[in-house]
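Undergrad: Below: one structure in structure tokens.
The values are calculated or read from the model by the stated rules, or taken from the named source; none is laboratory data. Being a predicted model, the structure only gives us computed values, none of them experimental. Backbone-built Cβ (ideal geometry, glycine too); neighbour counts: all protein chains shown.
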Amino acid sequence: MVMTFIFAFIVGGIICVIGQLLMDVGNLTPAHTLSTLVVVGAILDGMGLYEPLINFAGAGATVPITSFGNSLTHGALAEAEKHGLVGVLTGMFEVTSSGISAAIVFGFIGALIFRPKGNID
Amino acid sequence: MEKEQYQQLEQNVTPKPPYLKNVAKAFFVGGFICAIGQAVSLFYIIFFNFTEATAGNPTVATVVFFSMILTGLGLYKRIGQFAGAGSAVPVTGFGNAVVSAAIEHRSEGLVLGVGGNLFKLAGSVVLFGVVSAFFVALIKYILVTIGVVSW
Amino acid sequence: MTLPLLVVLSLLNGCAEKEKFIVYGSTQNESEVEALIKEEDYVDRSTVIQYDDSMLVAVQIKPLEKWKKTKLEKKLQKKFEKKYPNKDVFVSADYKIFYEANKIKKDQMEDTKLSDKITELKELAKEET
């Protein structure tokens, strides 16, 4: 179990380093960087490579933003597998990402209980 | 001045980012956030009926909750200034983008302010996530149909 | 920073060393089951719960092999099904199942509850995200 923490740290750290390099070396804006990582996560899941990464690194793979692409694709793929071509379309309504729902709910609650602190960035 | 000349000049004037230092900061802060996530996962596995396979969802929701608290207290911005991608790449960074936009536009009302601006900063992540999920599923469906790969 | 970490790691491993392979419940084929698991070098620790003709094999895979978890789980499942064709075998490499299996052993759970618990854990392991 201890090793899982170490691998979560290392793998999560490496994904963040990739993001940092995209920003510094690739001259991408943060929004471009995050969008790129989400798309990469989706493609990796399509190739069946993201699940092994989660098995190996646990939260090191589920906490970085790449997991959005993974969980969204996972929902779409499950539907496509079950219902064929129609599933590819209905998969769009089945896509789930607890991160997005959580951000919406907590964003709303946050807006109710907190006051703005200067400009956002 | 021509546009190209200006860009040339801009590039010469802009200082090069300290690559190694930024990478180290991103690695340690990002890794630390993921290790906290791992602790949250373990908590859900041991005390609730979640397996390693299903613990990811509650874990992500929980760290987004932490991110809401830190954002509301104005602390996440400070972490971000130090850590760069280390705090932007984990879903806490996504949570921060959504929550800070919501808080900032609260004064314009819940519908037009919060509702209209919630995804102002994070919308592109949702957009590209959903669209790429659609295309990946479509491509995989085609590949399976013509027999190149299996599900 | 690394040194204390290594000490902690070796201590944790040392404690676990004694009971790496556990068989609980009916003990008729205990050594056989243990040998069967020990053949698989990717298994780090295991707890097997036996009740009537159902058998819950909870294993933990070595950290560096963990990315192959799904495959190894299936491999072990097949191996056990082949060896015990008239038993209802269920293999899982999930930490939750392993944790619960150890709890069954620690609490010395009675036979009446055991079969329900095994069914419950099986359903849990099959859940998808």
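Undergrad: If we scan region B:125-132, do we find a residue that is within 7 Å of another protein chain (Cβ to nearest Cβ) and touching a Gly at 6+ places or on another chain (Cβ under 7 Å)?
TA: Keep residues of region B:125-132 that are within 7 Å of another protein chain (Cβ to nearest Cβ), which gives B:125-126, B:128-130, B:132.
Filter again for touching a Gly at 6+ places or on another chain (Cβ under 7 Å), leaving B:129, B:132.
Scanning region B:125-132, I find at least one residue that is within 7 Å of another protein chain (Cβ to nearest Cβ) and touching a Gly at 6+ places or on another chain (Cβ under 7 Å), so the answer is yes.
Undergrad: Say we look at region B:78-92 and pick out the residues that are touching a residue at least 12 places away in the same chain (Cβ under 8 Å) and more than 7 Å from chain A (Cβ to nearest Cβ); which of these is nearest to A:ASN55 (Cα to Cα)?
TA: B:THR92
Undergrad: Counting only residues that are in contact with a Gly (Cβ under 8 Å, 6 or more places away or on another chain) and not hydroxyl-bearing (Ser, Thr, Tyr), which one in region C:49-74 is nearest to C:GLN28 (Cα to Cα)?
TA: Filtering region C:49-74 for residues that are in contact with a Gly (Cβ under 8 Å, 6 or more places away or on another chain) and not hydroxyl-bearing (Ser, Thr, Tyr), the one nearest to C:GLN28 (Cα to Cα) comes out as C:GLN50.
Undergrad: Another one. Name every residue in region A:50-86 that is more than 7 Å from chain B (Cβ to nearest Cβ) and of a type in the set (D, E, K, R), in order of residue number.
TA: A:GLU51, A:GLU79, A:LYS82
Undergrad: Looking for something more than 9 Å from every other protein chain (Cβ to nearest Cβ), farther than 21 Å from B:PHE50 by Cβ and surrounded by fewer than 23 Cβ atoms within 10 Å (Cβ to Cβ) - is there at least one such residue anywhere in region C:88-100?
TA: So far as region C:88-100 goes, yes, one or more of its residues are more than 9 Å from every other protein chain (Cβ to nearest Cβ), farther than 21 Å from B:PHE50 by Cβ and surrounded by fewer than 23 Cβ atoms within 10 Å (Cβ to Cβ).
Residue-by-condition table, conditions (1) touching a strand residue (DSSP E or B) at 6+ places or on another chain (Cβ under 7 Å); (2) part of a helix (DSSP H, G or I); (3) without any contact (Cβ under 8 Å) to a residue 24 or more places away in the chain; (4) closer than 23 Å to A:ILE18 by Cβ:
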{"site": "A:LEU44", "(1), (2), (3), (4)": "no, yes, no, yes"}
{"site": "A:ASN55", "(1), (2), (3), (4)": "no, yes, yes, yes"}
{"site": "A:ALA61", "(1), (2), (3), (4)": "no, yes, no, yes"}
{"site": "A:SER67", "(1), (2), (3), (4)": "no, yes, no, yes"}
{"site": "A:ASN70", "(1), (2), (3), (4)": "no, yes, no, yes"}
{"site": "A:HIS83", "(1), (2), (3), (4)": "no, yes, yes, no"}
{"site": "A:ILE100", "(1), (2), (3), (4)": "no, yes, no, yes"}
{"site": "A:ARG115", "(1), (2), (3), (4)": "no, no, yes, no"}
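Undergrad: Kindly evaluate A:GLY46 against the criterion of being within 7 Å of chain B (Cβ to nearest Cβ) and under 15 Å from B:GLY129 (Cα atoms).
TA: yes
Undergrad: A further question on this structure: Modelled with pLDDT of 95 or more and within 30 Å of A:PRO116 (Cβ to Cβ): which single residue out of B:ALA39, B:ALA85, B:ALA35 fits that description?
TA: Details: B:ALA39 fails: within 30 Å of A:PRO116 (Cβ to Cβ); B:ALA35 fails: within 30 Å of A:PRO116 (Cβ to Cβ).
Among B:ALA39, B:ALA85, B:ALA35, only B:ALA85 is modelled with pLDDT of 95 or more and within 30 Å of A:PRO116 (Cβ to Cβ).
Undergrad: Also: Please specify each residue of region B:59-76 satisfying the condition of being at the interface with chain A (Cβ under 7 Å from one of its Cβ atoms) and either closer than 25 Å to C:THR70 by Cβ or part of a helix (DSSP H, G or I) (or both). Steps first, please.
TA: As a first pass, look at region B:59-76 and keep what is at the interface with chain A (Cβ under 7 Å from one of its Cβ atoms): B:59-61, B:63-65, B:68, B:71-72, B:74.
Across region B:59-76, the qualifying residues are B:THR59, B:VAL60, B:ALA61, B:VAL63, B:VAL64, B:PHE65, B:MET68, B:THR71, B:GLY72.
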